[in-house]
Structure formats: structure tokens, C-alpha cells
2 protein chains.
Amino acid sequence: MGLTKTNLFTEEQNAIAIIAMAFGHPARVAILQHLIKTNVCINSTLVAEFGLAQATISQHLKELKSMDIIQGTISGTAMSYCSFIRSFN
Amino acid sequence: MGLTKTNLFTEEQNAIAIIAMAFGHPARVAILQHLIKTNVCINSTLVAEFGLAQATISQHLKELKSMDIIQGTISGTAMSYCSFIRSFN
DNA sequence: TTTATACATTGCAATATTACGATTAATAAC
DNA sequence: GTTATTAATCGTAATATTGCAATGTATAAA
């Protein structure tokens, strides 16, 4: 996520901001809630559930993945899924 | 903060996203860290400390205030300050 | 190998955020 | 009153994000 003027702040401050931004959109909150509830999230399921376009869901999943918050699309096919990397057990 | 397509999500999901967005910029993270450390934040101090323009700091303070995360500018003069509303005691 | 299915990627348009200069408002000191 | 100081607000440019249609890729089934 491209923040401006990041050079004015510390690595830590920028890192905190980026993590917070991951939760800074209701679609991504909904994705994580769905994941917590079902342990799985499939693009097409989320499309049907949220009413956003497939490309949009894919984009949000990509952002969460790029931050290592979710793990996903292991198989590039119908079985695409994602899960928390940490199990919090 | 104006999110698009909020109608597709629950009140709760939108609320969580908005709170997260408050922390989704390094300047606002820095403001809160400063506040935790010193218990006070004065616009001019932050301007000198961060290197952002006065108007920009003022804007970030306004956003944090609008979310009731900080309380502030009680006196509209030189003594403008802000503090956490809850004391976490 | 064709067809169906499912997700990723690309390329835009619409929208939102960030940042700042200029201006305004409000107070304090004189 | 005037002046100095400080922060809020306005207007606007630059930048970033969101959302989607169209397209690409990859796999499975027929």
C-alpha cells in the first residue's frame, strides 16, 4: 500500500500503519470474519456472499496475502482456499 | 472517512474498518505515540517534530477527534492540546 | 482437445486521502 | 484598539484506493 511521506516516520510507525490499513476496509474485515468462522475462504463464495465483483474480492485477498495475514490460493484451481498462517492454538 | 459500498457490509464491519483506518497512517500513529509518551499534543510541536505542514497535522488531529480517540483543542489558542478521553486507569 | 469452471491480472474510471498554501478565527499581550 | 501567536478551515493539486469489465491462466471433466 503506497503511503506518501513515509520517509518522515520510523519503520515501526509505517509498519503499524500498514497493518492497520489491512483492516481498514469492511470487505477485508468481512473476509477475515468469514475465515475465522469457516476456516476457509473461496473467492466465488465471497463474491456470492458480499455482492462485490470477483476481481474486487481477488484484489482484497491479494492485499491480505501480501501482508502474510492469510495464506492462499495454494492450488490455482477450483479448490483455492486460504487460512491463517498462525493457528493461535 | 468515506468508504465506498458500505451498504454491502454490516454496521459492525464498517465500524471496525473505520477504527482501523484511524491507525492506518504513520502520522496518526506518531501522534498517538507522542500523546502516550507526553500526555499532550500541541499542533506546533508536532509540526516541528514530524516535518509536515501545520494544516496537515491539524487535519489528522481532526480525524482522530472525530472518532473520539482524542479529545482536543479545548482552548482555541496557544494552549491547544489533546488527550485520551479514557484514562485506562 | 474442447469445454467448463475458477481465480488472477490488466487497464481503466470513479472515488477517497494526503498534503499544503492561503486565509480565517480566536486568544493573549501590549 | 493593534500586533503576535496558534490552530482551524478552505480550496486545490497530487497521490492512492476501490471496483469492475475484459482478458489471461490453469485445471478438471468430457
Single residue of region B:23-40 satisfying the filter (among the hydrophobic types (A, V, I, L, M, F, W, C) and more than 11 Å from the chain's Cα centre (by Cα)) that is surrounded by the most Cβ atoms within 10 Å (Cβ to Cβ): B:V40
Among the residues of region B:27-51, the number that are away from DNA strand D (no atom under 12 Å from the Cβ) and either of a type outside the set (F, W, Y) or under 19 Å from A:I19 (Cβ atoms) (or both) is 13
Residues of region B:20-60 that turn out to be more than 8 Å from chain A (Cβ to nearest Cβ) and of a type in the set (A, V, I, L, M, F, W, C), as a count: 13
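Which one of these is within 14 Å of DNA strand C (Cβ to nearest atom), touching a residue at least 40 places away in the same chain (Cβ under 8 Å) and not small (G, A, S): A:I31, A:I18, A:I42?
When all the criteria are applied, what remains is A:I18.
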Return only the number of the condition from (1) at pLDDT 95 or above; (2) among the acidic types (D, E); (3) farther than 19 Å from A:L8 by Cβ that B:E49 does not satisfy. (3)
Failed condition for A:D68, given (1) assigned to a loop (DSSP other than H, G, I, E, B); (2) closer than 19 Å to B:E12 by Cβ: (2)
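The values are calculated or read from the model by the stated rules, or taken from the named source; none is laboratory data. Keep in mind the model is a prediction, meaning the values are calculated, not measured. Because the Cβ atoms are built from the backbone with ideal geometry, glycine has one as well, and the counts that use them run over all protein chains shown.
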